[in-house]
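Right, one structure below, let's go through it.
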Amino acid sequence: MTEADQTTQGALPHIKVLDLSRVLAGPWCTQMLADLGADVVKVEKPGEGDDTRHWGPPFLQDADGNATQHATYFTACNRNKRSVTIDMAHPEGQALIRQMAAQSDVLVENFKVGGLAKYGLDYASLKALNPRLIYCSITGFGQTGPYAERAGYDLMIQAMSGMMDITGRADGTPGGGPQRVGVALTDLFTGVYACSAILAALEVRHRTGVGQLIDMALLDVGMATLANQAAGFLNTGKVPQRQGNSHPSLAPYQDFPTADGSMLLAIGNDGQFARFCEAAGQPQWAQDARYASNTLRVTHRETLIAAMQAVTRTRTTAQWIALLEDKAVPCGPINTIGQAFADAQVQARSLVINQPLALVNTTNKAIQSIATVASPLRLVDTPPVVQRPPPALGEHTDAVLAGLGLDAAAIAALHHQGVV
């Protein structure tokens, strides 16, 4: 393969992925694989498709700026895939999926534990057909344990794992109480972890020639992503408390009021603190015995933050950023999402992808393009590829079936029977 071929095909053009997952965790994983060049075929229910196709508002807009019936949610995690519609309740549909699995390297599904066994699409059944298959199962609680058969959702896992309990302002303060993270963080991390596990399983298969089952659980991931907060509890027995935007182990490391709003300071060491104090015209703070080290600043957080807030209110956010940006003091605005996408660095990194569509008509109006966020996986020699926009429901059904060896008459019969 030439260098040009690598650039246009990505890192995984030789990998075929069968995507039986829905909503977010599974599709996030398979979109990562698709962005890396894998051929991902997404199987959806005829006439309905992935639930997120209908999770709106907001909806995609037509050429005149009017809302359609196509939810934007679906576009977040289904770029670069081909969509086929197959009813797995039909024996013929099950046979088609088994035929696809026999030719796939990876299968990703997020049905309830045991949910695919009745269709003959569980790991044991498909392993017998294709011993090289890497079968990634994503559930709320995993394949074992007392909760294994329960359905799991991101919000539930954020609550159960303790994530919500450490997110938000402290009890007794305005707006105090547990809060969920603003995106489905557990789902997203599960997708990333699942992708990592799949890549590791592919490397194992490269050595052994044999696939394996991957058992991913939202709760496992939710607990793992507690990170330093979990480490603190496990090694001290002290339960972390909510404290808004401040940090349990660092100070000053939080939001501060400015003359026209607020800003974020993320000071992580003594040198940064001293440079901030000098720039702010308060060099005595860095000499104060109460603030001489990070641990002391955390201990005396209340007096330090109050003094700093009085000073940060004297300049605008832009003025503070201009003052500190060349002094290696981490400082930035607290942007809206709109402001973030307008940021010069975001634009310089080409983080927005606009993909034109083949005509997708709804109420006789066409959606002309779909915008998505570019993959952050910047492999220099084999960068992510942009091959297809998020697909229309069943857009590639006939082409995929033809690739399985079915002729036009056989495909027409399957349509007539309602199998596809």
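The values are calculated or read from the model by the stated rules, or taken from the named source; none is laboratory data. These figures come from a predicted structure and were not determined experimentally. Ideal geometry is used to build each Cβ from the backbone, glycine not excepted, and the neighbour counts take in all protein chains shown. Accessible surface areas use protein heavy atoms only, side chains included; no ligands, DNA or RNA. Shrake-Rupley method; radii C 1.70, N 1.55, O 1.52, S 1.80 Å.
Points worth noting:
- Three-way shape call for segment 232-351 based on the alpha-carbon gyration tensor, with the a/c threshold at 1.5: oblate
- About its Cα centre, the chain has a charge dipole of approximately 660 debye under the convention of +1 per Lys or Arg Cβ and -1 per Asp or Glu Cβ, with nothing else charged.
- Gln99-Gln417 pseudo-label distance in nm [points 7 Å out on the Cα-to-Cβ vector]: 1.0
- Residue-level accessible surface for Glu48, protein heavy atoms, 1.4 Å, Å²: 90
- Percent accessible area from carbon and sulfur atoms, segment 8-166, protein chains only, probe 1.4 Å: 54
- Toward the positive end of the charge dipole of the chain, with +1 on the Cβ of Lys and Arg and -1 on the Cβ of Asp and Glu, the farthest Cα among His416, Gln229, Phe341 is that of Gln229.
- At full extension, Arg180 and Met223 could sit 14.0 nm farther apart than now, given 0.36 nm per residue minus the alpha carbon distance.
- Count Lys and Arg as plus one, Asp and Glu as minus one, and take only other residues whose Cβ is under 15 Å from that of His396; the net charge is then 0.
- Positive-end residue, the chain charge dipole about Cα centroid, Cβ charges, pick of Thr144, Val17, Val239: Val239
- Derived scalar couplings between HN and Hα for segment 329-344 equal 10, x, 8, x, x, 9, 7, 6, 4, x, 5, 5, 6, 8, 5, 4 Hz in order, rounded to whole Hz, by the Karplus curve 6.51 cos²θ - 1.76 cosθ + 1.60 (θ = phi - 60°), x for Gly and Pro.
- Phi-derived couplings, Karplus 6.51 cos²θ - 1.76 cosθ + 1.60 at θ = phi - 60°, listed residue by residue for segment 388-396: 9, x, x, x, 5, 4, x, 4, 10 Hz, with x used for Gly and Pro.
- Contour minus Cα-Cα distance for Ala200 and Ala67 (0.36 nm per residue): 43.7 nm
- Inter-centroid distance (Cα atoms) of segment 209-230 relative to segment 307-347, Å: 36
- Near Thr316, the amide H atoms lying under 5 Å from its own belong to Ala259; only residues 5 or more places off or on other chains count, and H is placed 1.01 Å from N.
- Per residue, the chain reaches -10500 deg cm²/dmol at 222 nm when only DSSP H runs of four or more residues are counted, each adding -39500 (n - 2.57).
- Separation of the Val311 and Val192 label points, Cα + 7 Å toward Cβ, nm: 3.4
- 1.4 Å probe accessible area per residue over the chain, in Å²: 50
- Net charge, Ala217 excluded, C-beta distance under 15 Å - Lys, Arg +1, Asp, Glu -1: -4
- Shape call, segment 1-146: gyration tensor on alpha carbons, a/c limit 1.5: oblate
- The H on the amide N of Phe59, modeled in the peptide plane, is under 5 Å from the matching H of Thr72, each at least 5 residues off or on a different chain.
- Amide hydrogen neighbours beyond the local backbone of Cys136, cut-off 5 Å, H modeled: Leu107, Val108, Glu109, Ile214
- Straight-distance crosslink candidates among lysines, where the alpha carbon sits under 19 Å from Lys118 and sequence neighbours closer than 8 are dropped: Lys45, Lys127
- Net charge over other residues, Cβ less than 14 angstrom from the Cβ of Pro376 (K, R count +1; D, E count -1): +2
- Applying 1/(1 + (r/R0)^6) with R0 = 22 Å to the Cβ-Cβ distance of Ala340 and Asp51 gives a FRET efficiency near 0.20.
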